[in-house]
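The values are calculated or read from the model by the stated rules, or taken from the named source; none is laboratory data. These numbers were taken from a predicted model, which means no experiment stands behind them. Cβ sites come from the backbone with ideal geometry, for glycine too, and all protein chains shown count toward neighbours. Surface areas here come from the heavy atoms of the whole protein model, side chains and all, with no ligands, DNA or RNA. Shrake-Rupley method; radii C 1.70, N 1.55, O 1.52, S 1.80 Å.
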Amino acid sequence: MKTSLRFAALMLLVLPGAVMANEKLVQDKQCMGCHALKEDGAAPSFQKIAKFWKGKGNAEVAMVATIRKGSAATGGPHWNKATMPDQSERPLVSEAEARQIAKWILKQ
Ligand code: HEC
């Protein structure tokens, strides 16, 4: 009992931090310059992308590839719009960061 209470208290401290870390990451990497959470702009919204990829076995791998290489290198445009530029035109995203972001997008 005591342990689970302590665990609950710990999660209350940790969870908001994790959410903020993800949002700060996509801000820092300038993803939000083109993407928004809910509304399509220059790029499809993260919710729309999540809806498309949810449940597909290769979702994370495919998203990481696009996040790192842009969409022209991964057979895009996938969304009938512009392509997503490669990393020569945006801040570098590491493999680990891309994986963290892909997981976060899938939860939107
Ligand atoms: C210069 C504008 C721009 C920036 C900056 C940008 N994107 Fe994109 N992104 C796009 C466009 C446009 C598309 C749609 C591409 C297509 O149809 O192939 C897209 C598509 C995507 C997709 C969907 C790929 C697919 O195959 O469904 C993901 C995931 C994504 N972006 C994540 C990110 C992340 C994470 C960042 C920040 C590291 C980012 N984008 C930064 C323009 C941008």
### Task
Report, ordered by chain and residue number, the lysines lying within cross-link reach of residue 24, taken as a straight Cα distance under 25 Å and ignoring same-chain residues fewer than 8 apart.
38, 48, 51, 54, 69, 103, 107
### Query
Angle between the Cα long axis of helix 2-28 and the longest principal axis of the chain, 0 to 90 degrees, nearest 10?
20
### Query
Tell me, what % of the accessible area of the chain is carbon and sulfur with a 1.4 angstrom probe?
61
### Query
Taking only Cα atoms, what is the 0 to 90° angle, nearest 10, from helix 95-106's long axis to the longest principal axis of the chain?
80
#### Entry: Theoretical gain in end-to-end length, residue 61 to residue 79 [0.36 nm per residue, Cα-Cα removed]
4.7 nm
#### Entry: Normalised alpha carbon radius of gyration of the chain [divisor 2.2 N^0.38 Å]
1.21
#### Entry: Difference of contour (0.36 nm per residue) and Cα-Cα distance, residue 107 to residue 13
31.8 nm
### Helix-only mean residue ellipticity at 222 nm for the chain, each DSSP H run of n ≥ 4 adding -39500 (n - 2.57), per residue, nearest 500
-17500 deg cm²/dmol
### For the stretch 1-80: accessible area per residue (Å², 1.4 Å)
70
### Only Lys, Arg (+1) and Asp, Glu (-1) charged, at Cβ; the stretch 22-106 dipole about Cα centre in debye
280
